[in-house]
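Okay, so here's the structure we're looking at.
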Amino acid sequence: MLKSLFHWKVWVNILLAAAVFVGAVWLTFRWLEMHTNHGKEIAVPNVMNKSVHDAIKILEDSGLGFEVDSGKFEPKYKPFQVLQVYPSPGSRVKDGRNIILRVNPRTYAPVSVPDVLDRYKGLAFRQLEQVGLKIGDTIYEASIQRDAVLRMIYNGAVLKPGSLLPRFTTIDLVIGAGPKRNISVPNLVGLTVQEAKLIIAQNLFEIGLVEYEDGGGDESDIVYYQDPAPMDVRDQGMQIDIWASKKTPAEMGGKISQLNSIYRIKIDYGMPESYDNEPPLYQAPAPTRSEPEIMEAPKSTIPKVETPKAEVKKSDAPKTTSDQKPKPVETKPKTTTATPKATPTKTEDKPKVKKVIVE
């Protein structure tokens, strides 16, 4: 076996294999030198602060490639101005090497509009400012969502969340001003359920109970009853319940009267009849009311004063009788019967009697 190892043919094969290996290695390195331009280097030209078009032209004339990358917009530099070069100017690179140019963009990069709908206005302002957007006009609109963002407007059009806008763009916000107070409830009777829901939403009320007579959900049914009643005063945001049927409201009279007994209860604030004759528990103000009645009592007794005047007239009657000369004696019993009232008559009769005696 050892004799075969030192045979001349074996050594010939080994030498041939070594020659092939060395030749392959030499050819590989030679090809690499030719392909990579080994020993041929080019200095990177200085294209800083030049426009991107001029920088590209200079690199192409030097036998170098280029890659353009735009970063954050810097307002203190011109648009499309070269701000950075990699590798740095003056570096030795191979022929055809790509040079990376960082260029100032033409304007700010677009930003995505955040979703601030139905959020408090203070939080919405901060989110918009964080992404680089500015707040323009704040328009207040009647809504039950007080101080909440209802819509975003840009150039008169409604702006949707996620839209791209240039940085520092100004947008307007529509904010809820809160519900109105003491608003008349619209009349929904005779309308379809679909029309009633639309009117409820337009008047900023909420849709409450929707009860169908047949138990279905057909919005073409006619509303025959509602609560609160039409023209009642309510605050915006409150619920309105409706009852609907395939029949007209005129055909649902029995059902309407039944609902009226439930939802249209009238409260009588008058006092019951049984308490009319009973004295009030608190009688403090009674003297003030009785004072004018006490003052009226003497007014009613004023005509009674005329009674003595009538008696005086009766006393005059005997005067006429006393003037008769043949009956002087009849005056005496009359004077004696009414002693307190005859005092004036006695003074008048005495001179008359004297006259009779003189004759």
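Sort out which residues of segment 126-154 are hydrophobic (A, V, I, L, M, F, W, C), surrounded by 14 or more Cβ atoms within 10 Å (Cβ to Cβ) and under 30 Å from residue 183 (Cβ atoms), and write them in order of number.
Result: 144, 148, 149, 150, 152, 153.
Among the numbered conditions (1) touching a Lys or Arg at 6+ places or on another chain (Cβ under 8 Å); (2) at pLDDT 90 or above; (3) surrounded by 12 or more Cβ atoms within 10 Å (Cβ to Cβ), tell me where residue 168 comes up short.
For residue 168, the failing item is (2).
Could you check segment 1-38 and list, in sequence order, the residues that are at pLDDT below 80 and closer than 29 Å to residue 96 by Cα?
29, 30, 31, 32, 33, 34, 35, 36, 37, 38
So which residues in segment 193-232 are in a strand (DSSP E or B) and farther than 19 Å from residue 263 by Cα, if there are any at all?
Within segment 193-232, just 222 meets the criteria.
Which ones in segment 185-205 are touching a residue at least 60 places away in the same chain (Cβ under 8 Å) and either farther than 20 Å from residue 250 by Cα or surrounded by fewer than 14 Cβ atoms within 10 Å (Cβ to Cβ) (or both)?
Once the filter is applied, which keeps residues that are touching a residue at least 60 places away in the same chain (Cβ under 8 Å) and either farther than 20 Å from residue 250 by Cα or surrounded by fewer than 14 Cβ atoms within 10 Å (Cβ to Cβ) (or both), segment 185-205 yields only 204.
Counting only residues that are touching a residue at least 40 places away in the same chain (Cβ under 8 Å) and under 18 Å from the mean Cα position of the chain (by Cα), how many does segment 99-146 have?
Going through segment 99-146 one residue at a time, the tally reaches 7.
If I go through segment 228-254 residue by residue, how many of them are among the charged types (D, E, K, R) and on the phi > 0 side of the Ramachandran plot?
0
Looking at segment 101-112, is at least one residue surrounded by 13 or more Cβ atoms within 10 Å (Cβ to Cβ), among the hydrophobic types (A, V, I, L, M, F, W, C) and more than 30 Å from residue 62 (Cα to Cα)?
Yes; the residues of segment 101-112 include at least one that is surrounded by 13 or more Cβ atoms within 10 Å (Cβ to Cβ), among the hydrophobic types (A, V, I, L, M, F, W, C) and more than 30 Å from residue 62 (Cα to Cα).
For residue 57, work out the one condition from (1) modelled with pLDDT of 90 or more; (2) within 60 Å of the chain's Cα centre (by Cα); (3) surrounded by fewer than 15 Cβ atoms within 10 Å (Cβ to Cβ) it doesn't fulfil.
Of (1) modelled with pLDDT of 90 or more; (2) within 60 Å of the chain's Cα centre (by Cα); (3) surrounded by fewer than 15 Cβ atoms within 10 Å (Cβ to Cβ), only one is false for residue 57: (2).
Could you tell me whether residue 127 is part of a helix (DSSP H, G or I) and among the polar types (S, T, N, Q)?
Answer is yes for this residue.
The values are calculated or read from the model by the stated rules, or taken from the named source; none is laboratory data. Treat the numbers as computed from the prediction; the structure is a model and nothing was measured. Reconstructed Cβ throughout: ideal geometry from the backbone, glycine too, with neighbour counts over all protein chains shown.
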